[in-house]
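Asks: Here it is, the structure, as C-alpha cells.
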Amino acid sequence: MIITKDMLNKKVPKEMIPKRLDSATDLYTNTKKGLTLYNIKPDTWNVLYPFFQQGNKFTMDDFEVLNDNLTFGELINLYVDIYHKYYELELGFYEEKRKSVLTQEFNDTFGVSGTKISKKLDAHYELKFSKSKNVYTLYYLESYIASYIDDVDKLLNQNVYAQELLDLSQFPIPKEVNGVKLVDSLSILNDLDNLNLVRNSEL
C-alpha cells in the first residue's frame, strides 16, 4: 500500500504497525523495445520489477513503535529520523552515494558500463506485509531514470534474470506482462507526467 498525501493524518491500523523498516532504490531503463523489467524470484515472488539495488541498502529488523496510536505521517517521520541518523549520517549514504551504488550494482549485475542517471522519478513510502518475515514492513522507495548505458543490446540480451519488456505506449499501464504481475510501485507510471519522463529517456 502506497502511503499517499491524503493518508498522512489518518491513523495507522494497530494490526498494520510495522515491525521492520526497509528500502529500495530502483533504476528505470527504457529501451526502444520497452521498459526492462525483471522476474528476480520466479519460483517465489513471481513479480516483475525494475532493477533495484540489493546490496548496501537500509534495513532495520527490530523496529519498535512505543506509541501505537499514530498517524501515517507520524510513522513516516519516525522512519525519516532513523534513516537519516543510521544510513545517511553514520554510513554516509546520502543521495549521491545511493545513486552511485545503484549504477555500480546495475553495471556489475549485467556486465554493462557507463550507466548514467538523468533524474529522480519518484520517492514514496509503502506499508506492506512481508510474507518472508511475517510482519508488516515500512519501505522507502526511490526511483531514478537511466539516461545512458554503453551497451543496451547487452542489457537486452542478459540472462541473469528472467526479463520482460513493458510497452510504454499504453496508458494506463497494464497490470501484468505475459501473465506475470507488475510490482505495485510501478503504478507511479499511471501518473502521465511520470510516464512521459520515462518515455522521453529512451536509451
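The values are calculated or read from the model by the stated rules, or taken from the named source; none is laboratory data. Everything numeric here is computed off the predicted structure, so don't read it as measured data. So basically every Cβ, Gly included, is an ideal-geometry build from the backbone, and we count neighbours across all protein chains shown. Keep in mind that these areas ignore ligands, DNA and RNA; they rest on the heavy atoms of the full protein, side chains included. Shrake-Rupley method; radii C 1.70, N 1.55, O 1.52, S 1.80 Å.
Asks: Can you pull out every residue in segment 167-188 that is farther than 24 Å from Gln104 by Cα and either assigned to a strand (DSSP E or B) or in contact (Cβ under 8 Å) with a residue 40 or more places away in the chain (or both)?
Replies: Asp167, Leu168, Glu176, Val177, Val180, Lys181, Leu182, Asp184, Ser187, Ile188
Asks: Provide a single number: the residues in segment 5-38 that are among the aromatic types (Phe, Trp, Tyr) and in contact with a Ser or Thr (Cβ under 7 Å, 6 or more places away or on another chain). It would help to see each step written out before you state the result.
Replies: Step one: filter segment 5-38 for residues among the aromatic types (Phe, Trp, Tyr), giving 28, 38.
Of the ones still in play, those that are also in contact with a Ser or Thr (Cβ under 7 Å, 6 or more places away or on another chain) are 28.
Qualifying residue count for the region: 1.
Asks: On to the next question. Mind checking which residues of segment 126-153 are in a strand (DSSP E or B), among the small types (Gly, Ala, Ser) and closer than 29 Å to Val12 by Cα? Talk me through it step by step, then tell me what you get.
Replies: Step one: of segment 126-153, the residues in a strand (DSSP E or B) are 126-130, 135-148.
Those left that are additionally among the small types (Gly, Ala, Ser): 130, 143, 146-147.
Residues satisfying the conditions are Ser130, Ser143.
Asks: Right, here's the next one. Of the residues Leu192, Leu182, Leu165, which single one is of a type in the set (A, V, I, L, M, F, W, C) and touching a Gly at 6+ places or on another chain (Cβ under 8 Å)?
Replies: Leu165
Asks: Go through Leu48, Leu27 for me and flag whichever is touching a helix residue (DSSP H, G or I) at 6+ places or on another chain (Cβ under 7 Å), closer than 16 Å to Tyr161 by Cα and of a type outside the set (Lys, Arg). Break it down into steps so the answer makes sense when it comes.
Replies: Numbers: Leu48 fails: touching a helix residue (DSSP H, G or I) at 6+ places or on another chain (Cβ under 7 Å).
One residue alone meets the criteria, Leu27.
Asks: Out of the residues in segment 144-187 that are closer than 12 Å to Pro50 by Cα and of a type in the set (Val, Ile, Thr), which is modelled with the highest pLDDT?
Replies: Once the filter is applied, the top-ranked residue is Ile145.
Asks: Mind counting the residues in segment 1-30 that are over 16 Å from Thr109 (Cβ atoms), among the polar types (S, T, N, Q) and out of contact with any Gly (no Cβ under 8 Å at 6 or more places or on another chain)? Outline the logic, then answer.
Replies: Looking only at segment 1-30, we keep the residues that are over 16 Å from Thr109 (Cβ atoms), and these are 1-23, 30.
Then keep just the ones that are among the polar types (S, T, N, Q); that gives 4, 9, 23, 30.
Those left that are additionally out of contact with any Gly (no Cβ under 8 Å at 6 or more places or on another chain): 4, 23, 30.
Residues in segment 1-30 being over 16 Å from Thr109 (Cβ atoms), among the polar types (S, T, N, Q) and out of contact with any Gly (no Cβ under 8 Å at 6 or more places or on another chain): 3 in total.
Asks: Pick out the one residue from Leu141, Leu89 that is modelled with pLDDT of 95 or more, hydrophobic (A, V, I, L, M, F, W, C) and crowded, with 19+ Cβ neighbours inside 10 Å. Please lay out each step first, then the result.
Replies: Working: Leu89 fails: crowded, with 19+ Cβ neighbours inside 10 Å.
The conditions single out Leu141.
Asks: I need a count of the residues in segment 61-77 that are open to solvent by less than 70 Å² (accessible area, probe 1.4 Å) and assigned to a helix (DSSP H, G or I).
Replies: 4
Asks: Of all residues being in contact with a helix residue (DSSP H, G or I) (Cβ under 9 Å, 6 or more places away or on another chain) and buried (at least 18 other Cβ atoms within 10 Å of the Cβ) in segment 144-160, which is nearest to Ile76 (Cα to Cα)? Just the residue, please.
Replies: Checked segment 144-160; the qualifying residue nearest to Ile76 (Cα to Cα) is Tyr144.
Asks: Now a separate question. For Met16, all conditions in the list (1) within 17 Å of Phe129 (Cβ to Cβ); (2) open to solvent by less than 30 Å² (accessible area, probe 1.4 Å); (3) at pLDDT 95 or above hold save one; what is the number of the exception?
Replies: For Met16, the failing item is (2).
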